[in-house]
Amino acid sequence: TDEPFQYDWLGHLVAAPATVERRNLAQRTSTALPALSVDSLAPGYSELPANDGRTVDSMAPADAWASAASAGEHVAEVSWSAGKSVNEVELWLPTAVGLPARFVVEYRPAVPVGMPPAPWTPFGPGIVAGAADAGGGWFAATDRRVLFRAAGALLADAVRFRQAAGGGGVGAPAQTFVNELRVLSVVALPIEDRYDALGRRISHKVGGLEQV
């Protein structure tokens, strides 16, 4: 954030720019089960590794989702029953057959209950790291970690990775492989320091939690 550091008349730090916490809304946990769907599966593969929290560079069935080797687009989608505030989407991709040459990350804006679903929209505007413009609205991955960061929070009920027909890596252009799809909500955590009369710091809290 751009908030300045603030000090009292004795020079003690009393307020600092908030630190942030990135919460992965796509990962399965004991209390959160976001819906994960894919267009197809290669024999022996499951979609489950795509949101298990692991990012290992591997094409093994335990480590990656692999689509069928078929014509047409390939899609991995995370959705929720209610809208979520989303700031970033992070992709982790295996490198063995090359990185995707034409793909896009999209979100579906949340709408009030009873309204028809909103159309899919390119994620952003904002910045993209680990991928380059491939023309026609597509991106080409240049690194196995790809980050899409919106300029502000987006209210979404679904986010998806969509690969163009024939847009896979050079070694398997008709397939998609994903190690991890992360959908991140960035939450600011305020920092608070307190001092005694002698100027000794007696507490340090981040997001309301005491730090030791």
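Just for the stretch 132-167: of the residues that are more than 20 Å from the chain's Cα centre (by Cα) and on the phi > 0 side of the Ramachandran plot, which one is most open to solvent (accessible area, probe 1.4 Å)? Of everything passing the filter in the stretch 132-167, Gly136 is most open to solvent (accessible area, probe 1.4 Å). Filtering the stretch 103-115 to residues that are surrounded by fewer than 20 Cβ atoms within 10 Å (Cβ to Cβ) and part of a strand (DSSP E or B) leaves Arg108, Pro109. Set side by side, the residues Ala165, Ala118, Ala156 differ, and just one is in contact with a Gly (Cβ under 7 Å, 6 or more places away or on another chain), in a loop (DSSP other than H, G, I, E, B) and either without any contact (Cβ under 8 Å) to a residue 40 or more places away in the chain or not basic (Lys, Arg) (or both), which is Ala165. Among the residues making up the stretch 2-47, those that are modelled with pLDDT under 95, over 22 Å from the mean Cα position of the chain (by Cα) and open to solvent by less than 40 Å² (accessible area, probe 1.4 Å) are His12, Leu13, Ala15, Ala16, Pro17. Val170 falls short of the stated requirement of being surrounded by fewer than 18 Cβ atoms within 10 Å (Cβ to Cβ) and under 26 Å from Gly126 (Cβ atoms). Where residues in the stretch 133-151 are assigned to a strand (DSSP E or B), touching a residue at least 24 places away in the same chain (Cβ under 8 Å) and of a type in the set (Gly, Ala, Ser), which of them is farthest from Ala82 (Cα to Cα)? My answer is Ala134.
Checked against (1) at pLDDT below 95; (2) under 16 Å from the mean Cα position of the chain (by Cα), Met115 passes all but a single condition, namely (2). If the condition is being open to solvent by less than 40 Å² (accessible area, probe 1.4 Å), within 12 Å of Leu91 (Cα to Cα) and not polar (S, T, N, Q), then the stretch 173-189 contributes Phe177, Val178, Glu180, Leu181, Val183, Leu184. Whenever a residue of the stretch 12-36 is over 30 Å from Val75 (Cβ atoms) and assigned to a strand (DSSP E or B), its partners that are modelled with pLDDT of 70 or more and of a type in the set (A, V, I, L, M, F, W, C), lying with C-beta atoms within less than 8 angstrom and at least six residues away or across chains, give the pairs Ala18/Ala188; Thr19/Ala188.
For the stretch 92-102, check the following and say yes or no: at least one residue is basic (Lys, Arg) and open to solvent by less than 50 Å² (accessible area, probe 1.4 Å). Checked the stretch 92-102: no residue is basic (Lys, Arg) and open to solvent by less than 50 Å² (accessible area, probe 1.4 Å). In this entry, Trp80 is excluded by the filter for residues that are in contact with a Ser or Thr (Cβ under 8 Å, 6 or more places away or on another chain), crowded, with 19+ Cβ neighbours inside 10 Å and among the hydrophobic types (A, V, I, L, M, F, W, C). The residue pairs whose first member lies in the stretch 67-83 and is more than 15 Å from Leu154 (Cα to Cα), whose second member is among the basic types (Lys, Arg), and whose beta carbons are closer than 7 Å, counting only pairs six or more residues apart or on different chains, are Glu73/Arg162; Val75/Arg160; Val75/Arg162; Ala76/Arg160; Glu77/Arg160. Do we have Ala50 as assigned to a loop (DSSP other than H, G, I, E, B), of a type in the set (A, V, I, L, M) and surrounded by 14 or more Cβ atoms within 10 Å (Cβ to Cβ) here? For Ala50, the condition - assigned to a loop (DSSP other than H, G, I, E, B), of a type in the set (A, V, I, L, M) and surrounded by 14 or more Cβ atoms within 10 Å (Cβ to Cβ) - is not met.
The values are calculated or read from the model by the stated rules, or taken from the named source; none is laboratory data. Fair warning: this is a prediction, and the values are worked out from it, not measured in the lab. Because the Cβ atoms are built from the backbone with ideal geometry, glycine has one as well, and the counts that use them run over all protein chains shown. Ligands, DNA and RNA are stripped out before the accessible areas are found, and what is left, the full protein with its side chains, is counted by its heavy atoms. Shrake-Rupley method; radii C 1.70, N 1.55, O 1.52, S 1.80 Å.
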